[in-house]
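The values are calculated or read from the model by the stated rules, or taken from the named source; none is laboratory data. Since the structure is predicted, the reported quantities are computational estimates derived from the model, not experimental observations. No Cβ is skipped: glycine too gets one built from the backbone with ideal geometry, and neighbour counts run over all protein chains shown.
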């Protein structure tokens with residue numbers, strides 16, 4: 001269970017302060033697929049970053065499975081991100097010098113999993129996502145849809161309880177975008193994951209169990 005209560009977040013820039021989130025309150029149940037929608041600049045990505053412990057909040061309360069996250073140290077945040085969350089981004093963020101297999105396996109390195117176990121963990125994921133035949137390809141040799149499938153496999157390799165997807169279809173054409181969202185939906189249900197997806201596309205959001213709208217930093 002993820003519980004956010006009265007979350008406030010303000011950024012200081014050259015033009016002054018920007019209030020990204022205002023009194024944001026949200027509860028996400030285990031195993032739920034939630035879509036977050038709103039116009040550009042409304043606070044969607046900021047909210048997702050706070051949920052994933054990639055950004056700190058200024059006020060309010062955020063609890064993960066009942067534990068308060070306010071005073072977590074950087075190292076504790078990093079461990080929580082690694083153990084609890086998997087991240088899928090619009091721009092894929094694959095390392096160009098690594099092939100598909102080693103891009104997916106990279107989080108195992110930080111978890112200190114022995115290299116001899118990598119194939120037993122990574123190959124089933126590549127097969128699940130239909131890209132096992134691409135394991136030796138470099139990112140530059142992949143289509144956008146194949147790159148996003150690789151990124152999804154990487155997000156799952158540590159078996160996180162929560163997947164956070166920030167505009168995962170934003171860089172894909174409509175056909176590949178629909179393929180990716182159907183794949184995410186299938187994996188979320190089969191693997192019993194919590195999925196929180198940010199999108200501005202109502203067709204993509206319609207796959208979710210629940211749609212939450214953000215307007216001017218507030219959860220409606």
Scan of segment 96-108 for residues that are closer than 24 Å to residue 173 by Cβ and surrounded by 14 or more Cβ atoms within 10 Å (Cβ to Cβ), ordered by number: 100, 103, 104
Lone unmet requirement of (1) surrounded by fewer than 16 Cβ atoms within 10 Å (Cβ to Cβ); (2) more than 20 Å from the chain's Cα centre (by Cα); (3) over 26 Å from residue 170 (Cβ atoms) for residue 130: (3)
Subset of segment 62-95 that is in contact (Cβ under 8 Å) with a residue 60 or more places away in the chain, touching a strand residue (DSSP E or B) at 6+ places or on another chain (Cβ under 7 Å) and not in a strand (DSSP E or B) - its residue that is farthest from residue 172 (Cα to Cα): 84
Top-ranked residue of segment 195-220 - restricted to ones that are buried (at least 20 other Cβ atoms within 10 Å of the Cβ) and more than 17 Å from the chain's Cα centre (by Cα), ranked as nearest to residue 159 (Cα to Cα): 214
Within segment 99-120, considering residues that are touching a residue at least 24 places away in the same chain (Cβ under 8 Å) and outside any helix (DSSP H, G or I), the one nearest to residue 133 (Cα to Cα): 99
Residue, farthest from residue 70 (Cα to Cα), within segment 32-58, restricted to residues that are touching a helix residue (DSSP H, G or I) at 6+ places or on another chain (Cβ under 8 Å) and assigned to a loop (DSSP other than H, G, I, E, B): 38
Out of 25, 10, sole residue that is under 26 Å from residue 204 (Cα atoms), over 19 Å from the mean Cα position of the chain (by Cα), at pLDDT 90 or above and surrounded by fewer than 17 Cβ atoms within 10 Å (Cβ to Cβ): 25
